[in-house]
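Enquirer: Just dropping this structure here.
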Amino acid sequence: MDALTRFELRKITRRKSFYAGIAILVVMIPLLTIVLITNTQITGKDGKYLYGIPAIRLLREYNRQLAGPLTVKKVADTVERHQKVMRDPKNLDKKGEMTIESHAKYEVKNNQIYTLISFAFSPLNEYDFYIIDRLKPSDAKEFYQKRMEKVNQYLNGDYSYGNYSAKEKAFFIKMNESIPIPFQLDYVTGWENVFENLPNLFLIIAFVIAICLAPVFAGEYQSGADSIILSTRYGRNKVIAAKLKASFLVSLGLIVFAVAAYTLLLLGIYGFDGGNASIQIIELLAPVPYTVFQSYLWAVLIGSLACLLVGAVTLWLSSRMRGPFPVIIVIGIFLIGPLFIPASKSSRLFNHLMNLFPENMMDGFKKLTDYEVYHIFGQMILEYKVMTGFAVAVIALLVPLSYRAFQKHQVV
């Protein structure tokens, strides 16, 4: 790293705005984690609810016992065990429903598979909690077929913003057929919770990056240092390049710190199991052939690029505005504004364009597991891949624009 970049790096990291940003992350990361931990619950072996750490321990114990290939035999055996419990009068109350004690003893340990079965066999967009009571072991052998039937139903549905074309249907069917079967089952609660608050974390990171980078150019205008910088030997080239490099190093550092701290904190409590499980264990209809860990990497990549995009927009605004505060205000609107714009019920194109805003890119897991495709130059490209390319392209465009804006600035 050259001396100018180190100097600009120190300037950014020694500002009060940087310390404020770090403080926000240090407070918010544990808060996002605590919310997820306290919301974890399970019926204990004595029939009483467990919450927090005790619930996590029992959930991990039960789901580890189920780990392995989710074969049709395992699904059928699970249904058969459930039916056997239901046929025993000792396990039922006067209304013919399973007692709390029997549920805690026989059923809770199989909840992960029960959820997958119920979702697969329920009607589209519904979840029938009692459908497993009506299934036979022979029915359960159609688990993967039922999943594909739901995929077909989803693709053939009527949508106000436009239905899927024949080519799009064939595209997604082919994707689903490429998914390895049987799915790999494992304890994935930790990873599931990581995905849960990852969009909120990226939104916070993006805001912190904006706070840290807003003064990079605008601060020089405000203090009058621009006249000194631009009159020096390297003021119109190397200094600007150093500011840009330092800005992206700070942005990357904040992203790595926040994502690593959040992920390690959550998984340190929940357990690191489940990275090799199929992503369909979390989102059954997901059309991608990825493991949970591969999906996590994609979600982090997309969210990180969204944050870097916010950083690039901040630098561009900073190079054109006379003070850091207006930059932060505009970036705040840029970040939060799309939240107040509802999805169109008549135009898929409008929704696709809105999804390219950084805030809408931050839920990488949803984009990865959704059925959205963009048509570009006659090619069908999955939404999450378009977002990745779009963010890289816009960043590459804004960096030289920021460079030139400060370089061409006329000192008054």
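Enquirer: In the range 135-191, how many residues are out of contact with any strand residue (DSSP E or B) (no Cβ under 7 Å at 6 or more places or on another chain), within 30 Å of residue 41 (Cβ to Cβ) and part of a loop (DSSP other than H, G, I, E, B)?
Expert: 4
Enquirer: Go through the range 1-44 residue by residue and tally those that are more than 24 Å from residue 196 (Cβ to Cβ), in contact (Cβ under 8 Å) with a residue 24 or more places away in the chain, loosely packed, with under 15 Cβ neighbours inside 10 Å and under 31 Å from the mean Cα position of the chain (by Cα).
Expert: The number of residues fulfilling the criteria is 1.
Enquirer: Let me ask another. In this structure, does residue 383 turn out to be touching a Pro at 6+ places or on another chain (Cβ under 6 Å), open to solvent by less than 60 Å² (accessible area, probe 1.4 Å) and over 18 Å from residue 219 (Cβ atoms)?
Expert: No.
Enquirer: For the range 276-375, which helices (runs of 4 or more DSSP H) that fit wholly inside it have 1 or more residues that are touching a Lys or Arg at 6+ places or on another chain (Cβ under 8 Å) and either modelled with pLDDT under 95 or not small (Gly, Ala, Ser) (or both)?
Expert: 292-320, 358-361
Enquirer: Determine, yes or no, whether residue 122 is closer than 20 Å to residue 86 by Cβ, among the polar types (S, T, N, Q) and open to solvent by 50 Å² or more (accessible area, probe 1.4 Å).
Expert: no
Enquirer: For the range 301-315, indicate whether the set of residues that are open to solvent by 50 Å² or more (accessible area, probe 1.4 Å) and more than 17 Å from the chain's Cα centre (by Cα) is non-empty.
Expert: Checked the range 301-315: no residue is open to solvent by 50 Å² or more (accessible area, probe 1.4 Å) and more than 17 Å from the chain's Cα centre (by Cα).
The values are calculated or read from the model by the stated rules, or taken from the named source; none is laboratory data. Being a predicted model, the structure only gives us computed values, none of them experimental. Every residue, glycine among them, receives a Cβ derived from its backbone with ideal geometry; neighbour counts consider all protein chains shown. The area values use the complete protein model at the heavy-atom level, side chains included, leaving out ligands, DNA and RNA. Shrake-Rupley method; radii C 1.70, N 1.55, O 1.52, S 1.80 Å.
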